[in-house]
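> One structure, pasted below without further comment.
Derivation of every value follows stated rules applied to the coordinates shown; laboratory data play no part. Owing to the predicted nature of the structure, the values given are computational and were not obtained by experimental measurement. Using ideal geometry, Cβ is built from the backbone for each residue, glycine included, and neighbour counts are taken over all protein chains shown.
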Amino acid sequence: MAKPRQDRRSLVLLLVVVLGLLLLINVTSGERKQLTPVEDALLALFAPVQSAFSSAGQSLQDLYDAAVSFHELKAENERLQEEIDFLRAQLVHFHEMQKQNHRYRSLLGFAESSGYELLAAEVISRDPSQWFGTLTINRGYLDGVQREMAVITDRGLVGMVSTVSPNSSQIILITDPRLSVSARVQRTRDPGIVGTVESNAGDPSMLIMTNMPPETSIQPGDMIVTSGMGGIFPPGLYIGMVKERPEERSGLVLSVPVEPGVNFNRLEEIFIVLGPAGGEPGPGEAEPGSEAVEP
Amino acid sequence: MIFPVIVALCFVLSLLLEGSVLSFFIMEKALPDIILVLVVSLGFILGERKGALLGLGFGFLQDVIFGSALGFFAMAKMLLGYGAGLLGRELYQDQLAAPVLLVFAGTLTHELILHLLVNQFIGVGLPVEWSLSRLFIPKALYNMIISLFIYPLLYRLYCKQQEISLKSGARRRRY
């Protein structure tokens, strides 16, 4: 019996407090000019500790912000790094294209003015050994390539086609010891005086022009061109330039080092001479001893 | 004697934390109300009178420290403590499900009481549907999670205190 009465008393007390609180809310919810002394005292008591906690909270917030900004910066850094890598790759590609474009422009100009029917080809592999000078191109007999066709670039004679397959061919370079080219000095225009250009055993980057009669007039700066004798290479194709005076004139024949016009280490695109342009004889064939096809 | 001291410390610490460090743990727009969790948990354990008294006292402190008008938090928390105490009589106190769900329901009730009071006396208030989905329910979930840790701790402390009281009472009778 005591419990329900106690409950009822509690409930009544609760209702009284609720009413009191409603009154308090009503009084304090409007504009108040100043706080009550109880509020003042409580706030004075809590304020310093609250301030300390607030600083701790701020420190935590700063720490969090720092961690977040570090994470963001790291992510941004990674993104920018990726962008740099991408742009760097693009730049390399762009430079490559620019160089290729430059090469193609010069090759195109050469192809149009050479007076020969030329077939452009790309070097797809080269002999890695130092013993032979051969390379493979991406054109074969299906493209009209035949054995013993001359191979040139805008810089001069490269060599000749040695073997042909359907879609590729092998080129033997003029630096290969197995190949010698009949040549003459362009300046003298003397068809009677010819020699052969061969590989130079002493210096693989140079050629040597030999088997010339001792009376041949030859001097540094002279351009050496194909003579057209032998029937493989059309006459007048530029081979290289004489760099030194012939050392010995006492022998039966004269030899002189020749710097090739072509840089064989950097060959990427070449031309195969299919024949004279429009079926007419090439510039060298039409008039033996005429101007060579020069770079 | 140690139980009331720990409870008082918990309340004071919660008051201090709520205004500072806890704002760091804001979820959506809702902040946890540890005082509410304490009032509901202790009301559930100690009964409606003590629950109401704790709610009134610490709600009033909350009013002084955080509110511009007096009585809002005091009223809401007192009613909550009283209600939790009434339910604590009927439900199992040693099982976690009831007090935790009570904290969830209590938070929603607390917020609705405040919503009504603010609307009535101050005249401003957000639309109740929006508040319910964006503020009240996230806050209730947040409080419910906190109560998973706080309630067992308080209940164990209370049981320990009861054990000690019983032992010391028996010893006194023996002498």
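> Please give me the summed charge of the neighbours of B:Phe58: other residues whose Cβ is under 13 Å from its Cβ, Lys and Arg +1, Asp and Glu -1.
Combined, the nearby Lys, Arg, Asp and Glu give -1.
> Once the other residues with Cβ under 14 Å from the Cβ of A:Arg32 are scored (Lys, Arg +1; Asp, Glu -1), what is the net sum?
Taking every other residue near A:Arg32 into account, the sum is -3.
> What is the Cα coordinate range of region B:2-174 on the first, second and third principal axes, sorted by size from largest, in whole angstrom?
Rounded to whole Å, the extents work out to 63, 31, 30 Å.
> Specify the angular offset, from 0 to 90 degrees and rounded to the nearest 10, of the alpha carbon long axis of helix B:48-66 from the longest principal axis of the alpha carbons in chain B.
Rounded to the nearest ten degrees, it is 50.
> Let me spell out the model: positive unit charges on the Cβ of Lys and Arg, negative unit charges on the Cβ of Asp and Glu, origin at the Cα centre of chain B. What dipole size does that give, in debye rounded to 20?
980
> What is the helix-to-structure angle for B:72-90, meaning the angle in degrees between its Cα long axis and the longest Cα principal axis of chain B, kept from 0 to 90 and rounded to the nearest 10?
Long axis of B:72-90 versus the principal axis of chain B: about 50 degrees.
> Put +1 on the Cβ of every Lys and Arg and -1 on every Asp and Glu Cβ in the protein assembly as shown; which of A:Ser169, A:Ser180, B:Val64 then has its Cα farthest towards the positive end of the dipole?
B:Val64
> Dipole size in debye (nearest 20) for region A:1-93 around its Cα centre, Lys and Arg Cβ +1, Asp and Glu Cβ -1?
1120
> Rounded to a whole number of µm²/s, how large is the Stokes-Einstein D of region A:116-286 at 10 °C and 1.306 mPa s, given Rh as the Kirkwood radius over C-alpha pairs?
Answer from the Stokes-Einstein relation: 98 µm²/s.
> On alpha carbon coordinates alone, what is the Rg over Rh value for the protein assembly as shown, Rh being the Kirkwood radius?
Reported Rg/Rh, Kirkwood definition of Rh: 1.62.
> Do any trypsin sites (Lys or Arg not before Pro) in region B:1-110 lie in a loop, going by DSSP, with at most 15 other beta-carbon atoms within 10 Å of their beta carbon, and if so which?
Taking region B:1-110 and a limit of 15 other Cβ atoms within 10 Å, the loop trypsin sites (Lys or Arg not before Pro) found are B:Lys29.
> Over all Cα pairs of region A:55-183, how is the pair count split among 5 Å bins, expressed in % and running from 0 up to the last occupied bin?
2, 8, 12, 12, 12, 10, 6, 5, 4, 4, 4, 4, 4, 4, 3, 3, 2, 1, 0
> Something else now. Assuming 0.36 nm per residue, please report the length gained on full extension of the stretch A:Leu43 to A:Arg88 beyond their Cα-Cα distance.
Answer, rounded to one decimal: 9.9 nm.
> Taking only Cα atoms, what is the 0 to 90° angle, nearest 10, from helix B:137-174's long axis to the longest principal axis of chain B?
Roughly 20 degrees, rounded to the nearest 10.
> Follow-up question, since we're still on this one. Looking at A:Ala67, A:Leu91, A:Ser55, which one has the Cα that reaches farthest to the positive end of the dipole of region A:48-113 (charges on Cβ: Lys, Arg +1; Asp, Glu -1)?
Result: A:Leu91.
> Still on this model: Counting Lys +1, Arg +1, Asp -1, Glu -1, what net charge surrounds A:Leu173 among other residues with beta carbon under 11 Å of its beta carbon?
In short, 0.
> So, one more: Order these by the 10 Å Cβ neighbour count, fewest first: A:Glu215, B:Glu48, A:Glu148.
Final ranking by Cβ density, sparse to dense: A:Glu215, A:Glu148, B:Glu48.
> Follow-up. Nothing charged except the Cβ atoms of Lys and Arg (+1) and of Asp and Glu (-1): what's the magnitude of the dipole of the protein assembly as shown about its Cα centre? Round to the nearest 20 debye.
Roughly 4880 debye for the protein assembly as shown.
> Once the dipole of region B:2-174 is set up with Lys and Arg at +1 and Asp and Glu at -1 on Cβ about the Cα centre, which of B:Ala76, B:Phe44, B:Ile6 lies farthest towards its positive end?
B:Ile6
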